[in-house]
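The values are calculated or read from the model by the stated rules, or taken from the named source; none is laboratory data. Predicted model only: the values in this text are computed from it and were never measured. Counting neighbours? That spans all protein chains shown, and the Cβs are built from the backbone with ideal geometry, glycine included. Quick note on the areas: whole protein, heavy atoms, side chains included, nothing else; ligands and nucleic acids left out. Shrake-Rupley method; radii C 1.70, N 1.55, O 1.52, S 1.80 Å.
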Amino acid sequence: MALEKVRDILKDADARNASVIAFDAMDYPTISSAIYGAQAGRRPVILMLYPSMYRLIPLEAFAAMVRSLAATVSVPVGLHLDHSSDFSYILRAIRAGFTSVMADGSTLPFEENVAFTSSVVAVADAFDVDVEGELGHVGRATDGDDKKEDQYTTAEEARVFAEQTGVASLAVAIGSAHGFY
């Protein structure tokens, strides 16, 4: 199966009241394990590249590996650039064939985040690429950031942000954190 749009994978999961696992991967063994594991479980999967992984794998090579392996399985595979706040890097990912990118303006004031994310959406839409935005701050568990309620996203903020930016999906801060607890 060829790569699928992340928005389609998420819509299907929502309709089935299911979840989709998304893996940050950095090399062939991780990518192939995630894709072939999804095939074995007969479930869709999203492969993500975190921008700092450029030290280990160029995003073009990552995209080529995911695309090649996705063609060998019968389950939907999404290709997503995770947490990028660098407009030029996001454009590079779009050129490399990523079907979804995250415009992470979460450290910016609300209006600047809207402007940044909207600019990414405007370009990505021209290439039929999904954009995920981020609102609020998803902290790091090791820093105790998951307890800072002033960084949580409200439903009203999420509604306004989604309407003003046109994102396909939105990561919000609700007390979750990245990393090990």
Just for the stretch 1-25: of the residues that are touching a residue at least 60 places away in the same chain (Cβ under 8 Å) and farther than 17 Å from V73 by Cβ, which one is surrounded by the fewest Cβ atoms within 10 Å (Cβ to Cβ)?
R7
Any residue in the stretch 48-59 that is open to solvent by 80 Å² or more (accessible area, probe 1.4 Å) and in contact with a Leu (Cβ under 9 Å, 6 or more places away or on another chain)?
no
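Given the condition under 20 Å from H137 (Cα atoms), touching a residue at least 24 places away in the same chain (Cβ under 8 Å) and open to solvent by less than 30 Å² (accessible area, probe 1.4 Å), answer yes or no: does some residue in the stretch 91-100 qualify? Full working, then the answer.
Here is the first cut: in the stretch 91-100, the residues under 20 Å from H137 (Cα atoms) are none.
No: zero hits.
Tell me, please, whether a residue that is of a type outside the set (A, V, I, L, M) and touching a residue at least 40 places away in the same chain (Cβ under 8 Å) can be found in the stretch 60-72.
Keep residues of the stretch 60-72 that are of a type outside the set (A, V, I, L, M), which gives 60, 62, 67-68, 72.
Restricting the remaining residues to those that are touching a residue at least 40 places away in the same chain (Cβ under 8 Å) gives 67.
Yes, the stretch 60-72 contains at least one residue that is of a type outside the set (A, V, I, L, M) and touching a residue at least 40 places away in the same chain (Cβ under 8 Å).
Go through the stretch 32-45 and count every residue that is crowded, with 20+ Cβ neighbours inside 10 Å and either touching a Ser or Thr at 6+ places or on another chain (Cβ under 8 Å) or assigned to a helix (DSSP H, G or I) (or both). Show your work before the answer.
The initial filter retains those residues of the stretch 32-45 that are crowded, with 20+ Cβ neighbours inside 10 Å, namely 34-35, 38, 44-45.
Pick out the ones that are also either touching a Ser or Thr at 6+ places or on another chain (Cβ under 8 Å) or assigned to a helix (DSSP H, G or I) (or both) and you get 34-35, 38.
Total satisfying the criteria: 3.
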